[in-house]
Structure formats: C-alpha cells, structure tokens
Amino acid sequence: MWVLFASLNPISEGIRSVFIKKASKEFDSIVISWANNLLPVICFTPMLFFIDLKFNNLFWIGLFGSSIINVAANILYMRSISKGDISSVMPMQSFAPIFLLISSPFILGEFPNFVGLIGIILGFVGSYLLNLDLRKHGIFYPFKSLVKDKGTRYMLIVAFLWSISANFDKIAIKNSSTWQHMAFTNIIIFTTISILINTNKKFRIKSFSGNKKYLLIISAFTVGSYIFHMTALSMTLAAYFIAMKRMSGVISVFLGNLFLKEANLRQRLLGAVVMFLGVLLIVFS
C-alpha cells in the first residue's frame, strides 16, 4: 500500500503545479502561497486537540527554523512556476538531496560514498539535458540557463532552502511528532503570509479578485499531498518515500506538455528521468 500513497503524492504535486501555472496569470505568487496553506490550516489544526502535544526548546527551534525558511521557499516556489515552464522548473526539486549531500560534510561531517557521488553527477547531467537545445549557444550554455532563467533560478533557491529546512524539520519531529510539527508549521506559514498581504498595499484583499476556483483547487491538492506524504511515510522507510516523491519532476514534464502545450517533451523528459535516477542513487547510498 505504501507504493500507492507514495505514488499519489508526486501525482498530486504535479497536477497542483498545472493549476499554480494557470492561477499565476491572475494572482501574484504571494496570494497563491496564502491560498496554498488555507485548507491545510483548516483541516490539520483541529488535529492538535486529538494528539499528545510535546514542547521543549529543541521543538521550538526546529519549528521556527523550518517555518521561517519555508515562508520564503513557499513564495519562491509559486514564483518559480509562474515565471517558467513547469516541465523545466519542477525537475529542479531534485537538487534538494544533491544540495543536502554536498552540505553534509560541512554541517554533519558526513561524506558521500562513490554511489552518492555518481548520483550528484547524474543530477547535473540531467539538468544539462533539460536545456539541451540551448547548447548551440555554447557547450556550457544549458548550465548558464539554469541561473539566467528566473523560473529555474527560483526553484534552485527553493531546493537549497529545502535542504536546510529538512534539518530543522527533523529536529522538530524528533522532539514532538510528525503531525504536531506539520500542523504548527502550516499555522505559522499561513499567519506570516497573511500578515505580509495585509501590511502591503499591493497585496490587500483586492489582490484576490479573479478566478478563485484555481486557488481552492491548489489548496485542496496541497491537503492531498500532505495526507499521501504522511500516510506513505508511516508505512515505509523514509528513503523509499523520498525517492518516489521526486517523481513529481518527471510527471510535471508530461503534464506541462499535455495541458499547457510546453515544448521539448523528449529532451525534458530525458533530463528529468536522469535527475530522478541520480536522486535514487543518492537516497539509497
């Protein structure tokens, strides 16, 4: 059963990215970020009354560390999809475990083994293949485009932020529970973004004028992603689930071509698959 739920998570995230792209034509990324956490707060906050709550200093450090980072990551994630093709920006999430593997020697004193190094190499090769058509401008131009293109640049920053917030998530969960951390994190992120909207004239309530059904659909798929995430994680090893979760990049390539008519399906699919294989090697190393 864990395979089913672990597969539904990246499918849900892939479909959500399509609606984020559609909503970005009418709403600013910060408004989409606010809506993204609306239904999760409504659905998960009541759970706090039915679980054993645990509080200590390490929990608060992990919670606020993760929440602050994820406020920025959340907004940049939406902005990334609004600025680029989902078939090119979503695979950039595969850089999160790559960044984590690179930073581990400095933070934790852990060094990647040979298999992990091959995984890192495949990650970079896959990112090159995503923009293979740009090699006519120079052999290194596909790599340069990752930084020059706003969409992929923002998602690379998101992947880097996630590689840091994952450490805070682990601290908070070890000193409480998965559901407690998830509920409090959503509350803090939603509250912080609400304050940002209401203290900035540009993003006041008038910013919500438009087709709000896209915002509700995005939020609903976020709830689904959380449920599939936690259910699969409770049934299997974290490494197995993380590997399946990164399939969202491959799925987004198909969805981008199918619903948004994004070009270069074959090269982007090849790049996404190679990056996914790199993640598999990293996870199981």
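Observations
- Answer from 171, 188, 164, 157 - the residue that is over 18 Å from the mean Cα position of the chain (by Cα), surrounded by fewer than 20 Cβ atoms within 10 Å (Cβ to Cβ) and in a helix (DSSP H, G or I): 171
- Taken as a whole, the structure leaves residue 68 outside the set of residues that are surrounded by fewer than 22 Cβ atoms within 10 Å (Cβ to Cβ), of a type in the set (A, V, I, L, M, F, W, C), farther than 30 Å from residue 280 by Cα and at pLDDT 90 or above.
- Checked against the criterion of being basic (Lys, Arg) and either outside any helix (DSSP H, G or I) or surrounded by fewer than 20 Cβ atoms within 10 Å (Cβ to Cβ) (or both), region 48-65 has at least one qualifying residue.
Per-residue answers, yes or no, for (1) among the β-branched types (Val, Ile, Thr); (2) at positive phi; (3) modelled with pLDDT under 85; (4) not in a helix (DSSP H, G or I):
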residue	(1), (2), (3), (4)
242	yes, no, yes, no
250	yes, no, no, no
253	yes, no, no, no
258	no, no, no, no
262	no, no, no, yes
266	no, no, no, no
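- Selection of region 131-163 for residues being under 18 Å from residue 99 (Cα atoms) and at pLDDT 85 or above yields 152, 153, 154, 155, 156, 157, 158, 159, 160, 161, 162.
The values are calculated or read from the model by the stated rules, or taken from the named source; none is laboratory data. Quick caveat, the model's predicted, so the values are computed rather than measured. All Cβ positions, even for glycine, are placed from backbone atoms using ideal geometry, and neighbour counts span all protein chains on display.
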